[in-house]
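Peer 1: Dumping the structure here so I can ask a few things about it.
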């Protein structure tokens, strides 16, 4: 039960932070707020992953911060919906740029976070 509560609280906090950031940044033709959230969340999860490898006894970091907070904060489902919206609006080049840059830069941010924290 403690594990579920850690994930739930982390997810609630991450979701609230995501909501606030989305409210602060306006959605023009490019969904910048989701892009920034996915990249920064990927960077954070890379740092946390490196930390948990060095400190395997810190299970709460995996549950609360990685699964909960990062899971609630990052927005891959929103990313998918926004990509669909771009495609439906016939903004094919922007959709392709959004998809490729999100995946490539998020992976690079995860790796960078991991390397820095290692």
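The values are calculated or read from the model by the stated rules, or taken from the named source; none is laboratory data. Note that the coordinates shown come from a computational prediction; the quantities given were computed from them, not determined experimentally. Methodologically, a virtual Cβ is constructed for each residue, glycine included, from the backbone with ideal geometry; neighbour enumeration extends over all protein chains shown.
Peer 1: Criterion first (closer than 19 Å to residue 107 by Cβ and either out of contact with any helix residue (DSSP H, G or I) (no Cβ under 9 Å at 6 or more places or on another chain) or modelled with pLDDT of 90 or more (or both)) does residue 73 satisfy it?
Peer 2: The answer is yes for residue 73.
Peer 1: What are the residues in region 23-39 that are assigned to a helix (DSSP H, G or I), touching a helix residue (DSSP H, G or I) at 6+ places or on another chain (Cβ under 8 Å) and surrounded by fewer than 18 Cβ atoms within 10 Å (Cβ to Cβ), if any?
Peer 2: Once the filter is applied, which keeps residues that are assigned to a helix (DSSP H, G or I), touching a helix residue (DSSP H, G or I) at 6+ places or on another chain (Cβ under 8 Å) and surrounded by fewer than 18 Cβ atoms within 10 Å (Cβ to Cβ), region 23-39 yields 24, 36.
Peer 1: If you go through region 88-106, how many residues are assigned to a helix (DSSP H, G or I) and either in contact with a helix residue (DSSP H, G or I) (Cβ under 7 Å, 6 or more places away or on another chain) or loosely packed, with under 13 Cβ neighbours inside 10 Å (or both)?
Peer 2: 12
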